[in-house]
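The values are calculated or read from the model by the stated rules, or taken from the named source; none is laboratory data. Nothing here was measured: the structure is a model prediction, and the numbers come from that model. We place every Cβ from the backbone using ideal geometry, glycine too, and count neighbours over all the protein chains shown. Calculation scope for accessible area: heavy atoms of the full protein, side chains included, ligands and nucleic acids excluded. Shrake-Rupley method; radii C 1.70, N 1.55, O 1.52, S 1.80 Å.
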Protein chains: 2
Amino acid sequence: MTDDADQIAAAPETGEEDAYTLDRRRVAAVLGALDAQDRAQLLDTLEPLHPADVADLIEQINPADRRRFVELAGDWIGGEVLSELEEGLRAEVIGLLHPEVLTEAVRALESDDVVDLLEDLETEQRHAVLGALSAPDRLAVQSSLTYPEYSAGRLMQRELVMAPEHWSVGQAIDHMRAREDLPSQFYHVVLVDPAMRPVGNVTLGRIMSSARGTALSDLVEEAFRIFPATESETDVAYAFNQYHLISAPVVDEGGRLVGVITIDDAMGVLDEEHEEDILRLGGVTEESRLTDTVLQAARGRATWLFVNLLTAIFASVVIDAFADTIDQMVALAVLMPIVASMGGNAGTQTMTVAVRAIATRDLTAQNALRVTAREVAVGGLNGALFGLVMAGVAAVWFGVPLLAAVIAAAMLLTQVAAALGGIAIPILLDRLRIDPALASGPFVTTVTDVVGFFTFLGLASMVIL
Amino acid sequence: MTDDADQIAAAPETGEEDAYTLDRRRVAAVLGALDAQDRAQLLDTLEPLHPADVADLIEQINPADRRRFVELAGDWIGGEVLSELEEGLRAEVIGLLHPEVLTEAVRALESDDVVDLLEDLETEQRHAVLGALSAPDRLAVQSSLTYPEYSAGRLMQRELVMAPEHWSVGQAIDHMRAREDLPSQFYHVVLVDPAMRPVGNVTLGRIMSSARGTALSDLVEEAFRIFPATESETDVAYAFNQYHLISAPVVDEGGRLVGVITIDDAMGVLDEEHEEDILRLGGVTEESRLTDTVLQAARGRATWLFVNLLTAIFASVVIDAFADTIDQMVALAVLMPIVASMGGNAGTQTMTVAVRAIATRDLTAQNALRVTAREVAVGGLNGALFGLVMAGVAAVWFGVPLLAAVIAAAMLLTQVAAALGGIAIPILLDRLRIDPALASGPFVTTVTDVVGFFTFLGLASMVIL
C-alpha cells in the first residue's frame with residue numbers, strides 16, 4: 001500500500017507540469033547513481049517512475065550505461081519493465097539478467113504479456129522463461145503460441161470472467177466475490193451458452209447498478225463483436241477503433257470462448273501499425289529502432305536506396321536519350337529538375353492520401369473511381385497553375401517564349417500523370433495484397449521522373465529545336 | 001431487447017468473415033432503396049449496421065445520393081451516426097436534417113460527444129443544438145466549451161461516478177445501486193477528498209471482488225494520473241498510451257474533479273494525430289478528406305507545392321551557375337538527378353525516423369547527439385556504398401574515370417549532408433515549437449538538392465574540365 005499512496009501523492013504534481021515524467025534531471029540522477037555504483041540511490045530515483053518510463057530510460061541511455069544499469073538494478077527490474085522494452089533491447093536485457101530474477105519477473109505477468117515477451121526471444125531464453133511458469137500458466141502460454149503471429153490468439157489474454165447466460169446479477173456477483181484469481185483488469189462478464197460459445201457482454205457498471213434478481217441476459221451490451229483466434233490483429237484493432245469496443249471475446253474454431261482482447265492491446269497494435277506506415281512511406285522498409293547499431297540501420301535503409309538507384313538510373317537513361325537536345329540548349333538541363341520535382345511532390349501527396357484512406361478503409365471499390373477522377377482533376381488544376389507560374393519564371397529567366405510554353409505543358413502533363421499514378425498504384429498494390437505504404441513510393445517516383453523528363457525534353461526537342 | 005438479441009445472433013457470422021461489415025453488396029442495397037425511394041427497405045438494410053458503419057456509408061456515396069439518403073432516412077439518423085461522421089460532412093448532414101430530428105438526436109448523446117459535435121458547427125446550428133438540450137446538460141456542455149480547443153476539458157465527459165475517500169465497498173455499491181443516471185460506460189469509481197480533489201481510482205472489478213466492509217482507499221489502482229482541464233489532448237493521449245490508463249480524472253484550476261477521460265477518447269486522439277502526421281509528412285498540409293471537392297483539395301495541396309517550387313527553383317539556380325560546365329560535358333546533366341535523388345531519399349529516411357521518434361518521445365535531449373552521430377555514420381556508409389556502385393555504372397556508361405570519381409565523392413558528401421539535415425532539421429523545428437512533420441520536408445529537400453547539385457557539378461568543374 002505504500003506504493004499506491006506514493007503514486008497518489010505524486011500524481012497531481014506530475015499531472016500539472018507534463019504528462020511525461022521522464023525528464024532530463026532524472027536521467028542525469030540515474031547516470032550519477034550508476035557512476036557512484038550506488039544501488040540505493042538508483043532505486044530511489046527509479047521508484048516514482050512507471051515501468052514504461054523505466055523502459056524508455058533504458059532505451060535512451062547508451063549501451064555501456066545500459067549494461068551497468070541492469071547489473072546494478074538487478075532483481076529490481078520486474079516483468080512489467082521487460083514487457084515495456086522495445087523488442088530489440090528486450091532480448092539484450094533478458095540475456096543480462098540472472099535466471100532467478102527472470103523467473104520472478106515473468107511469474108507476475110498476465111498471459112498475453114508473457115506471450116508478447118516470448119515472441120522475440122531465442123529458443124534458449126524462451127525455454128528459460130517457460131520453465132519459470134507454473135504448469136497451467138505454461139500450458140496457456142504454449143497454446144497461445146500455437147496461433148499465428150499477429151493473430152487475435154496471440155493478442156488475447158486467457159484471464160477472463162464468464163457466466164452462464166441464464167445467471168442473474170446476484171449469482172454473478174457472488175461468483176466474483178468467491179473467486180480468488182480475478183484478472184487484474186477486466187471490464188465485462190462474458191455470457192456463454194452451454195457449449196461455451198460467447199453470446200454477450202455485460203459491463204460491470206450494469207451489473208453494479210441492477211437488482212440482484214435481474215437476468216444477466218437482460219443487461220448485454222449492444223456493441224458486441226466476437227473474434228476468431230486466427231483473425232489478424234490488424235482487423236481486430238480496426239474493429240476496436242471503429243466500434244468503440246472495450247473488450248471482446250476470442251473463440252477457437254469450434255466457436256468456444258478461449259480468451260478476451262482488451263482495448264489497451266488494440267491501442268498498442270494501432271500504434272505499431274501507425275509506426276510501420278509512417279516508416280514505410282518514408283522509405284524505411286525494415287523495422288527501425290533508435291537503438292539499432294550503425295550497421296543494422298544502414299542495412300535497413302539500403303534496400304529502398306537500391307530500388308531508388310535503379311529508378312533514378314532509369315530516369316537518367318531517358319535524359320540521355322535527349323543528350324543532343326540538352327547539348328543545344330543547356331537551359332533544359334537547368335529547368336528539368338523542377339518539372340520532375342514538382343511531379344514527384346504532387347505524386348507523393350496523392351499517394352499519401354490514398355495509402356492512408358486505404359488503411360482506414362475509407363477508400364473502397366465503392367468510391368475508387370470518383371476519388372481517382374477527383375485526384376486527376378486536382379492534378380490538372382495545380383499542374384496548370386504551377387505550369388503557368390513556371391512559364392513566367394522561365395520566360396523572364398531565359399527569354400525564350402517557346403521554352404516557357406514547353407515547361408508549362410510538361411508540368412501540366414506530369415502532374416496529371418502524378419495524380420493518376422499516385423492513386424492507381426496504391427489501389428493496385430492493395431488488390432495484389434502488397435502493402436501500399438511499403439511499395440507505392442518507388443513506383444510513383446519512377447512514373448513522375450520518367451514522365452517529367454520525357455515530356456519536358458521530348459516537347460523541347462520537337463518544338464524548340 | 002430485440003436489438004440486442006439480433007446483434008448477438010449476427011455477431012459470430014460477421015466476426016468470421018471480416019471485422020468490417022460494410023461490404024459492397026450492402027452499399028448497393030442502400031443505393032437500390034434510394035432509387036426505389038423505399039424507406040422500409042432502406043431501414044431494413046441499415047438496421048444491422050453499427051452507427052460508425054452508417055457514417056462510413058454516408059461518406060462513401062456521392063453528394064447527390066447523400067442528400068437523397070438524409071431525406072429518406074430522416075429521423076432514423078440518430079446522434080450516434082452524427083458523431084461518427086467526419087467533421088466536414090457533419091455540418092452538411094445536420095443542415096439537411098429537420099430541427100426536431102436534430103433535437104432528438106442530440107439528446108441521446110453523452111456530453112463529450114455533444115461538445116465534439118458542436119465544435120465544427122456554424123453559430124446558427126450551434127444554437128439549435130444547444131437549444132435542444134435540457135438546462136443542466138446545456139450548462140455542462142457550455143462550460144466544457146470554455147476550455148481551449150484540443151484540451152483535456154474538451155475531451156472529457158462530465159458523467160462519472162465518484163465516492164468520498166473514506167467510503168467502504170458496501171457504501172459504494174449501495175450508492176451505485178441507488179443512482180438512476182449511471183454513465184453508460186464507466187470503469188472506475190473516482191475517490192475524492194472533502195475539497196473534491198481526486199485522490200485515487202478504484203476499478204469496478206476490485207469493488208466487485210472485495211468484501212463490503214473493505215475501505216475503498218485500500219483498493220486504489222497503482223496507475224493513476226490526473227489531468228488539468230487545460231492540458232493538451234496530445235499529452236493526454238500520450239499518457240494513456242504510455243501508462244496503459246483506462247480512465248483518468250480531469251480537474252479545474254482549483255484541482256477539483258470536473259470530468260473523466262476514457263481510453264476510447266484517447267485512442268481517437270491518437271488516431272487523428274497519426275493521420276495528421278502521415279499527411280503532413282506527405283506534403284498534404286491542410287486537413288484533407290476524401291469528400292473534399294476538387295477546389296478544396298487543390299487548395300490544400302497548393303501550399304506545399306508552392307514551397308517546393310521555390311526550393312526547386314533555388315536548386316536550378318545552383319545548376320545554372322554551372323551551365324558552362326554542363327555545356328562542355330552533357331553527361332553531367334544526365335547523372336546529376338541521380339545524386340540529388342539519392343540524397344533526397346536518404347534525407348527523407350532519416351527525417352521520417354526522427355519525426356516519428358520525436359512524436360513518440362523516444363528522441364530526447366538525452367540521446368539526440370548519439371542518434372545524430374549514428375545517422376551521419378549511416379549516411380556515410382550508404383553514401384560510400386552507393387557512391388561506389390554509381391562510380392562503376394558511370395565508368396561503364398560514359399568511359400570517363402574522373403567522372404566516376406566525382407560522382408562517388410558527390411554521392412558520399414550529399415548523403416552525409418542528407419543524414420545531418422534529416423535529423424538536425426526536425427530537432428531544431430521541434431525546439432522552435434514548429435511541428436517537425438509539417439515543415440521538415442521542404443528544408444531537407446532543399447539541403448539535399450543544393451548539396452547534391454553543388455558538390456557534383458562543382459567537383460566536376462574543378463577536377464574534370
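Return the long-range amide H neighbours of A:Ser151 (sequence gap of 5 or more, or a different chain), with a cut-off of under 5 Å between placed amide H atoms.
For A:Ser151, whose amide H was placed from the backbone, the distant partners under 5 Å are A:Glu233.
Sorted by mean Cβ packing within 10 Å, highest first, what order do the peptides B:454-462, B:261-269 take?
B:261-269, B:454-462
Return the sequence-ordered ³J(HN,Hα) values of the stretch A:344-351 in whole Hz as given by the Karplus equation 6.51 cos²θ - 1.76 cosθ + 1.60 applied to θ = phi - 60°, using x for Gly and Pro.
x, 5, 4, x, 5, 4, 4, 4
Once you wrap a convex hull around the alpha carbon atoms of the stretch A:356-420, what is its projected area averaged over all directions, in nm²? Walk me through the intermediate numbers first.
Details: hull surface 18.7 nm².
Projected over every direction and averaged, the Cα hull of the stretch A:356-420 covers 4.7 nm².
Which cross-chain or sequence-distant (5 or more) residues have an amide H under 5 Å from the amide H of A:Ser168, H modelled 1.01 Å from N in plane?
It is A:Leu216, by chain and number.
From largest to smallest, what semi-axes in whole angstrom does the stretch B:297-354 give when each is the square root of 5 times an eigenvalue of its alpha carbon gyration tensor?
27, 17, 9
Can you compute the equivalent ellipsoid semi-axes for the stretch A:2-146, i.e. the square root of 5 times each eigenvalue of the Cα gyration tensor, sorted largest first and rounded to whole Å? Walk me through the numbers on the way to the answer.
Values: eigenvalues 159, 65, 35 Å².
In descending order the semi-axes read 28, 18, 13 Å.
Would you mind computing Rg(Cα) / (2.2 N^0.38 Å) for chain A, counting N as its residues?
On the way: Rg = 29.4 Å, N = 465, 2.2 N^0.38 = 22.7 Å.
Normalised by 2.2 N^0.38 Å, the Cα Rg of chain A equals 1.30.
Of A:Pro194, A:Leu34, A:Gly441, which is farthest along the charge dipole of the protein assembly as shown in the positive direction, counting Lys and Arg as +1 and Asp and Glu as -1 at C-beta?
Positive-most Cα among the choices belongs to A:Gly441.
Considering the convex hull of the alpha carbon atoms of the stretch A:376-465, report its projected area averaged over all viewing directions, in nm², one decimal. The partial results should precede the final answer.
Numbers: hull surface 24.4 nm².
If I average the Cα hull's projected area over directions, I get 6.1 nm².
Is there a simple number for the mean count of other chain Cβ atoms within 10 Å of the Cβ of residues in A:238-245, and what is it?
6
Express the Stokes-Einstein translational diffusion coefficient of the stretch A:274-429 in µm² s⁻¹, to the nearest whole number, given a Kirkwood radius over alpha-carbon pairs, 10 °C and a viscosity of 1.306 mPa s.
89 µm²/s
Could you go through the stretch A:39-49 in sequence order and give the Karplus-derived ³J(HN,Hα) for each residue, using 6.51 cos²θ - 1.76 cosθ + 1.60 with θ = phi - 60°, rounded to whole Hz, and x for Gly and Pro?
Result, rounded to whole Hz: 5, 4, 5, 4, 5, 4, 5, 7, 2, x, 7.
Tell me, how many Å apart are the Cα centres for the stretch A:375-422 and for the stretch A:427-442?
28 Å
Just grab the label-to-label distance for A:Leu428 and A:Leu139, each label 7 Å out from Cα along the Cβ direction, in nm (one decimal).
In this crude label model, A:Leu428 to A:Leu139 measures out at 5.4 nm.
Given the rule -39500 (n - 2.57) for each run of at least 4 DSSP H residues, summed and divided by the residues of chain B, what is its mean residue ellipticity at 222 nm, to the nearest 500 deg cm²/dmol?
-22000 deg cm²/dmol
Take peptide B:349-356, look around each residue's Cβ out to 10 angstrom, count Cβ atoms belonging to other protein chains, and average those counts. Display every interim value, and only then the final one.
On the way: counts 12, 5, 1, 8, 11, 2, 2, 8.
Counting other chains' Cβ atoms within 10 Å and averaging over B:349-356 gives 6.
Averaging the inverse of every distinct alpha carbon separation and then flipping it gives the Kirkwood radius. What is it for the protein assembly as shown, in angstrom units?
Computed over the protein assembly as shown, the radius equals 30.2 Å.
Show me, for the stretch A:105-120, the HN-Hα J-couplings you get by feeding each phi into the Karplus relation (A = 6.51, B = -1.76, C = 1.60, θ = phi - 60°), rounded to Hz, glycine and proline as x.
4, 6, 4, 7, 8, 6, 4, 5, 6, 5, 4, 4, 5, 5, 3, 9
Before I look further, what does the stretch B:2-146 give for accessible area per residue, probe 1.4 Å, in whole square angstrom?
So the stretch B:2-146 comes to 47 Å² accessible per residue, rounded to a whole number.
Roughly how many percent of the accessible protein surface of the stretch A:162-281 is carbon and sulfur, given a 1.4 Å probe and a whole-percent answer?
The C+S portion of the solvent-accessible surface of the stretch A:162-281 is 47 percent.
Under the definition of Cα pairs under 8 Å and six or more residues apart, what whole-number percent is the relative contact order of the stretch A:2-146?
17 percent
Principal axis extents for the stretch A:250-294, Cα atoms only, whole Å, descending order, please.
Here the spans come out as 47, 18, 17 Å, largest first.
For chain B, what is the relative contact order in percent, using Cα pairs closer than 8 Å and at least 6 residues apart in sequence?
10 percent
Write down the radius of gyration of the stretch B:162-281 and its Dmax, each obtained from C-alpha positions, in Å.
When restricted to Cα atoms, the stretch B:162-281 yields Rg and Dmax of 15.9, 56 Å.
Evaluate E = 1/(1 + (r/R0)^6) for A:Asp174 and B:Glu180, where r is the Cβ-Cβ distance and R0 equals 35 Å; express this FRET efficiency to the nearest 0.05.
So the FRET efficiency works out to roughly 0.90.
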